[in-house]
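Colleague: Sharing a structure with you now.
The values are calculated or read from the model by the stated rules, or taken from the named source; none is laboratory data. For clarity, every value in this text was computed on a predicted model and none was experimentally measured. Every residue, glycine among them, receives a Cβ derived from its backbone with ideal geometry; neighbour counts consider all protein chains shown.
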Amino acid sequence: MDNSKTINEIEKILAKIRPYINSEGGELEFVDFKDGIVYIKMSGACVGCGAMDSTFEGIQTLLQEYVPEVIGVKDVTYEGM
């Protein structure tokens with residue numbers, strides 16, 4: 001199954017969110033989209049931030065609203081560290 005259209009839509013939404021994350025000294029990176037799950041890695045000031053859970057909730061809400069194929073968002077910030 002070709003996810004390129006869905007990934008393009010996901011990246012468009014993340015591009016709109018990124019300036020807000022950057023304004024707080026953080027960064028978000030799209031890692032993968034598989035089986036309806038968007039994998040995102042945070043860096044900068046986001047790492048260890050107490051608001052990271054609510055940030056992910058907001059990202060998930062926006063992605064699910066605008067990209068019907070998205071069923072969830074997974075934080076992979078600490079994986080592989």
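Colleague: Quick check: anything in the stretch 18-30 touching a residue at least 24 places away in the same chain (Cβ under 8 Å), of a type in the set (A, V, I, L, M, F, W, C) and not in a strand (DSSP E or B)?
Modeller: Checked against the condition, which is being touching a residue at least 24 places away in the same chain (Cβ under 8 Å), of a type in the set (A, V, I, L, M, F, W, C) and not in a strand (DSSP E or B), the stretch 18-30 yields at least one hit.
Colleague: If you don't mind, another one. Determine whether the stretch 38-53 contains at least one residue that is polar (S, T, N, Q), in contact with a Gly (Cβ under 9 Å, 6 or more places away or on another chain) and not in a helix (DSSP H, G or I).
Modeller: In the first step, residues of the stretch 38-53 are kept if they are polar (S, T, N, Q); the result is 43.
When the remaining residues are screened for being in contact with a Gly (Cβ under 9 Å, 6 or more places away or on another chain), the result is 43.
Of the ones still in play, those that are also not in a helix (DSSP H, G or I) are 43.
Yes, because at least one residue in the stretch 38-53 is polar (S, T, N, Q), in contact with a Gly (Cβ under 9 Å, 6 or more places away or on another chain) and not in a helix (DSSP H, G or I).
Colleague: Quick test of your reading of the structure: E27 fulfils all but one of (1) under 11 Å from the mean Cα position of the chain (by Cα); (2) exposed (fewer than 11 other Cβ atoms within 10 Å of the Cβ); (3) of a type outside the set (K, R). Name the failing condition by number.
Modeller: So the condition that E27 fails would be (2).
Colleague: Tell me whether the stretch 57-79 contains one or more residues that are under 10 Å from the mean Cα position of the chain (by Cα), in a helix (DSSP H, G or I), free of Cβ contacts under 8 Å to residues at least 40 places away in the same chain and crowded, with 16+ Cβ neighbours inside 10 Å.
Modeller: Looking through the stretch 57-79, at least one residue is under 10 Å from the mean Cα position of the chain (by Cα), in a helix (DSSP H, G or I), free of Cβ contacts under 8 Å to residues at least 40 places away in the same chain and crowded, with 16+ Cβ neighbours inside 10 Å.
Colleague: Can you name every residue in the stretch 29-62 that is of a type in the set (A, V, I, L, M), out of contact with any strand residue (DSSP E or B) (no Cβ under 6 Å at 6 or more places or on another chain) and modelled with pLDDT of 90 or more? Spell out the reasoning first.
Modeller: Pass one, the stretch 29-62, residues of a type in the set (A, V, I, L, M): 31, 37-38, 40, 42, 45, 47, 51-52, 59, 62.
Remaining after also requiring out of contact with any strand residue (DSSP E or B) (no Cβ under 6 Å at 6 or more places or on another chain): 47, 51-52, 62.
L62 - this is the single residue of the stretch 29-62 that is of a type in the set (A, V, I, L, M), out of contact with any strand residue (DSSP E or B) (no Cβ under 6 Å at 6 or more places or on another chain) and modelled with pLDDT of 90 or more.
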